Every structure is written in C-alpha cells, then in structure tokens.
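Pasting a structure here, questions to come.
The values are calculated or read from the model by the stated rules, or taken from the named source; none is laboratory data. These numbers come from a predicted model, not from an experiment. Every residue, glycine as well, gets a Cβ built from its backbone with ideal geometry; the counts of neighbours run over all protein chains shown. The protein model used for the area step is the full one, side chains on, heavy atoms only, and it has no ligands, DNA or RNA in it. Shrake-Rupley method; radii C 1.70, N 1.55, O 1.52, S 1.80 Å.
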Amino acid sequence: MTNPFTRLGLLLLLALFLALGIGYFLFQQEQRLALGVWPEYTIDAMQSIEVATRKERYTLTHEPTGWVVRLDGADADAVPVPADVSRIEALLADITHNRPRQTLDLTAGGGTPQLGFDSPAVQILLKPASSDFRVARITLGHETPTGAALYAHSSLAPDSVFLLDASVLHHFDKPSDYFFDSRLLDVRGEDVQRLTLIGGHGVQWDMERKDDLFSFIEPENLKGTTLTASEVRLYVHNLTAITADVILTKPDRQMTGKPAFVIEMLMPKTNAPQRLELFAPLDADQVYGRSSRHPGGFLIDKEKAKNLIRQAYDMQWRGVVNFDSTKVEGARIFSVSNNQTLQVEKSPTGWEERDTGRKVSGIDMTLWRLKELRFEAEPVAKLGYPAAQRLELDLLSKDAKVLSTFTFFTDPRLPADQCWLKVGSEEMFYPVTSQLLEDVQGYLPVRQPKAP
C-alpha cells in the first residue's frame, strides 16, 4: 500500500517543478519580448540624449569639455550647464531595467485606446556615438484605464505598442535642472599650484606651492610663511564641495559690475586660473556668483558664501602651543579668582591628585586639546582693563620641574566663547576658545560654603 505521505510529497514536488517551469517560460518570454526592441545603452556608447517632457525640452550631450545640459530655445551661443554624469548614468540604467513586460494586442475587440503618443508624457531620443548602435526613441503616453500601466513605444519596434508599469514614469519625467552639476568648481586639491583671494581693495592673500608646501606671497608681513598642505587641501575641498542652490540660465537674471570677492586657482600647465566670483551684498539671503564652471551665474545661501571668504590668518598655521607630551609627568593648576591650587601626577594606573591620591580622569584629553589649540584672531602684545587673569596651568616633568606655563585671561570685549592665552614668558596674548579654560577649571574641587 502506497504511503499517503509519500504520494503527497511527490505531488508537492511535481507542483514545484511545474511552477519553476512556468516561471522560467514567462521569464524567457519577457526576455525575448525586450530583446532588440528596447534600448540598452551605457553612457560610454552615447553621444546625446534628447528629453521632452510636458513642460520643457533639453538635451544631455557629450562635448569635448564633458557632459553638458543644453536647453531647447536657448541662444546658439548660450553656454551650456555642466551635467551630473552619475545622474545620466542612472537615467540610462533606468531605461534598461524598466523594459516592457507585455505587448498590447490592438486587434482585440473594444476599439483602439487613446495611447497619448501624439502628446506624450515623456519622449527620450538616444543617439549613440557610433554607427554600430541604432538611434532609439522611446515614448511614454497615457495611462491605461486602470491606471496600473503606461502605453509605451520604441522606435526599435515601430509596429508594436508596449505596456510599462505606471510607477516607472518618475524615473524619466525629470526637469532639466535635475541633471545640472551644481559644483562651483571642478578641481583637485593636489593640482592647485597657486591660490589667490582678491577683495574690493586688491589682493588679500596670495599663496603658491613649492614641492608639497604652500607659502604666502602676499600680504607682505606674511611673505614666506609656510602653510601645511593639509590646510590648503581642506580649503580647496570646501571650495569644490560647496554647491549652488540655483543655476541661472536666463541672461535677465545675471548681474553685471565688479565682484566683491574673487578666488583664483592656478592649475599645472595652464595660463588662465579657475575663477570664482561673489557679488555684494554677501549678507543677502541668496548671494549671486559666477565661476569658470558656471559663467552664466548661480545663487548660493549667504552662509555658504561667507564660508568661501577666509582671512590670511585662517590660512596660516595657527597653533599656539608646542610641547613634548611624553615628558609631561605632572601638572599644577592655580585658580587666581578662587585662590585654589591642584597638583596631579601621572601614575601607572592614570592621573592622581598628589596630596590625596584621588583619581583624576581626563588629563590626557586636556593635554591633547592643548596641543591642538588654535588662535581665533590675530594675537596682541598687551592686555588692559577689563581683561583679568583667571587661571595658570603648569606642565611638570618627572622631577617636578616646570616644562611649560599657560596663563588664561577672561575679557568681556572678546566673543562669549573666547578667552586670552599667554604661553610662558612670551609677551603675546592669543584669543582662543574658552572651552579649555572651563575644562581645566573643572578639575578643581568644588569649595564647600562656609558655615554661618
């Protein structure tokens, strides 16, 4: 007698094979349907892509300078907008991956539907760079009565009408500015040989590269001062990373006159520098600018514009403190305002208060922050009232000798988050962030109020 469980298993196995066979058959049918009747091109094969939506027409074209966007109806001498290559690649990938899955049978009863090809939602003309590939035009018409699909046509199969899932329309119905590359400049930091900032009264600073180091040419008082390459690379990175909020394509929105600031970058083997211009007022909600990459102009947020303008001292090395942290075995903190002193020593298990043995955490982080400290504006040689000394920090060697002394001063004339720092016996006071002063004061024990 046949085991009913064995019979059930055989039936399930047969059903599985049948389902797999049907699925494979449908897949092969879809592949045969799309093969040769739907374009499948990569960006390397393309010369241009013409796009027409219900709102506008434009062309994505590969020119000697790279991919650009040309707007229909623009003047013949109009400068095209650089295109975002990654978005063009995504468009071609969407065309390839959203191939038709069904052919519409127009011979069936019910009359010919209104396809919408005479007034399409989107039409895309693909022109390959080589005659080895055929020019292809895809047209997306109306939705079907159910709204689940779109009528579609391909010039590669002129006698056929296809159905595409209606959800794919948003991949192709894109405005021209979707493809704009809104980067203000297109340069690599390692290629910059000279960097110049020009203001309303002339050159504010000018620097050039020698080997891998930059040094100031102007201003005169900083001439020869060396900058680290990383500082310049960071600035160049910020320049190239900032994007325009609006790319202007109509002449009536462009500005004439003298720019408030000009940034120039000279690259190897070129005579003309890459150029970026900003026009006043820089405190407007949106600032007008032009660049070598966008000569037609652009608008950027005022905070972006302000971040592009750096003072000379911003570009130079602004470290205040230099000491060998491996030699620091102790520290002494003296609060002038509270008349308190705390001395800590390094032990195998961390930092401890010398008199009590109390563990003190965070000293290593404070030493690191001290070495990383930068001055926020030009230092001064004298301090007067109402500046007041608040705290002294001595770094000590293993035998308790003073390695370095740092004196902090508060001053209501400074921004709320800054204080003055004096290093050793040097008669120079640097405006620095007051965060370090607050951190060091935090190590002092809280004084108990006196009993009444």
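Note the full-extension length gain between Glu63 and Ala241 as 0.36 nm times their separation in residues minus their Cα-Cα distance, in nm to one decimal.
61.7 nm
Counting Lys +1, Arg +1, Asp -1, Glu -1, what net charge surrounds Leu403 among other residues with beta carbon under 12 Å of its beta carbon?
Overall, the nearby charge balance is 0.
At most 14 other Cβ atoms within 10 Å and a DSSP loop assignment: could you name the trypsin sites (Lys or Arg not before Pro) in segment 184-241 that fit?
Arg188, Lys223
How long is the gain from Tyr385 to Val85 if the chain were fully straight, where each residue apart is worth 0.36 nm and the alpha carbon distance is subtracted?
Separation in residues times 0.36 nm, less the Cα-Cα distance, equals 102.0 nm.
Same structure again: If R₀ is 51 angstrom, what is the calculated FRET efficiency for the pair Thr96 and Thr256, using the beta carbon separation as r and rounding to 0.05?
0.65
With label points built 7 Å along Cα→Cβ from the Cα atoms of Ser397 and Glu56, find their separation and express it in nm.
7.1 nm
Mind ranking Met255, Met265 by accessible surface for me, highest first, 1.4 Å probe?
Met255, Met265
Here's another thing I want to ask about it. Send over the Kirkwood Rh of segment 262-309, from the inverse of the averaged 1/r over different Cα pairs, rounded to one decimal Å.
In segment 262-309 this quantity evaluates to 11.3 Å.
For every other residue with a beta carbon closer than 12 angstrom to the beta carbon of Leu308, add +1 if it is Lys or Arg and -1 if Asp or Glu, then tell me the sum.
The answer is 0.
Can you tell me the Rg and Dmax of segment 43-183, counting just the alpha carbons, in angstroms?
According to the Cα coordinates of segment 43-183, Rg and Dmax are 16.1, 55 Å.
If only Cα atoms are counted, what is the Rg of segment 190-344, and what is its Dmax, in Å?
20.9, 69
Hey, another quick one. What's the local net charge at Thr96, with K and R +1, D and E -1, over the other residues with C-beta under 13 Å away?
-2
Tell me which lysines have Cα within less than 22 Å of Lys223's Cα, excluding those fewer than 8 residues away on the same chain?
Result set, ordered by chain and number: Lys210.
Run down the lysines and flag those whose C-alpha is under 21 Å from the C-alpha of Lys306, throwing out any fewer than 8 positions away in its chain.
Lys258
Moving on. Within segment 365-439, which trypsin sites (Lys or Arg not before Pro) sit in a loop by DSSP and count at most 16 neighbouring Cβ atoms inside 10 Å?
Answer by residue number: Lys382, Lys398, Lys401, Arg413.
How long are the three semi-axes of the equivalent ellipsoid of segment 203-264, in whole Å, if each is the root of 5 times an eigenvalue of the C-alpha gyration tensor, listed from largest down?
Three semi-axes, in Å: 31, 16, 7.
Please compute the modelled spin-label separation between Thr349 and Ala74, points set 7 Å along Cα→Cβ, answer in nm with one decimal.
7.2 nm
Hey, what angle do you get for helix 85-97 against the long axis of the chain, alpha-carbon based, 0 to 90 degrees rounded to 10?
Here the helix axis deviates by roughly 30 degrees.
Could you go through segment 298-306 in sequence order and give the Karplus-derived ³J(HN,Hα) for each residue, using 6.51 cos²θ - 1.76 cosθ + 1.60 with θ = phi - 60°, rounded to whole Hz, and x for Gly and Pro?
Each residue of segment 298-306 in turn: 7, 10, 9, 4, 4, 5, 4, 4, 5 Hz.
Further question: Taking the simple approach of a point 7 Å from Cα along Cα-to-Cβ for both Leu444 and Asp314, what is their distance in nm?
Reported label-point gap for Leu444 and Asp314 is 3.5 nm.
Ok, one more. Specify the angular offset, from 0 to 90 degrees and rounded to the nearest 10, of the alpha carbon long axis of helix 229-241 from the longest principal axis of the alpha carbons in the chain.
Rounded to the nearest ten degrees, it is 40.
Hey, which lysines would be in cross-link range of Lys359, C-alpha to C-alpha under 25 Å, not counting anything within fewer than 8 residues on its own chain?
Lys327, Lys346, Lys371, Lys398, Lys401
Are there any GluC sites (Glu not before Pro) in segment 345-452 that are in a DSSP loop and have at most 14 other Cβ atoms within 10 Å? List them by number.
Within segment 345-452, the qualifying GluC sites (Glu not before Pro) (loop, at most 14 other Cβ atoms within 10 Å) are Glu372, Glu426, Glu427.
Which log10 I(q)/I(0) values, to two decimals, does segment 282-368 give at q = 0.15 Å⁻¹ under the Debye formula with one point per Cα?
The calculated log intensity ratios at q = 0.15 Å⁻¹ are -0.72.
If the convex hull of the alpha-carbon atoms of the chain is projected onto planes in all directions, what is the mean projected area in square nanometres?
45.4 nm²
If you line up the long axis of helix 4-34 against the longest principal axis of the chain, both from Cα atoms, how many degrees apart are they, to the nearest 10?
90 degrees
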